[in-house]
Amino acid sequence: MNFDAYSFPDVGGWVVIAASALAFGVWFAEWLHYHRIAKKSKATIPSIAMPVLLISFFMVACSAKTEPFNYGKDNCYFCKMGIVDPKFGGEVVTKKSKVYKFDDLVCMVRFLQSGTLNEEEIAKKVIINYENKDEFLDVSKTVFWTSPELRSPMGSNTAAFSSQQAAEKAKAGKEGQIFTWDELYKKIK
């Protein structure tokens, strides 16, 4: 059997782009036509409202948001292991709303150190609150406790807390050290 097979998956993309351009062109023509009529009738508020509404719609649609973990189904972007422990994990969210999920702090830090993303591309860096698995904390405002007693998925053995007092309370009578984000970021290689 001697034959060639060709596949053109990009055609669908061009169809979507063409349809979007056509829809925008029709909308713009209608807006322009209405705008000319509105100038004659001095009703300019509706002609201003439509572009403002469209711009605000697109701004809201593109806002960077964290995503809750789907334990047992989501995988760590860095090490590719399943995310299963609800006390550990973090996310890096880009300004284009792409979410990178991590099962442990060490994976997140190594990903950031790898240079895959520029700092300007990042909208949020969050970590799971050790005391509340449903709460993400901004890493720059988080206090971290590192201890061999914690046993995190990839061995960073680091938990995140919302305050210095919460970290001190969890650490009470146990070994380990308390760090800020900057200190921890420099420590992990």
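No value in this document is a laboratory result; all are computed from the given coordinates. Computed from a prediction, not measured in an experiment: that's the story for all the values here. Please note: Cβ atoms are built from the backbone with ideal geometry, for glycine as well, and neighbour counts cover all protein chains shown.
Below is a table of values for the structure above.
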item	result
Trypsin sites (Lys or Arg not before Pro) lying in DSSP loop within the range 51-148, provided at most 14 other Cβ fall within 10 Å	65, 73, 80, 95, 96, 98
Gyration tensor over alpha-carbon atoms, the range 65-126, equivalent ellipsoid semi-axes in Å	19, 13, 9
Unsatisfied cross-links (Cα-Cα over 32 Å) in the set 98/169; 95/174; 65/186; 95/171	98/169; 95/174; 95/171
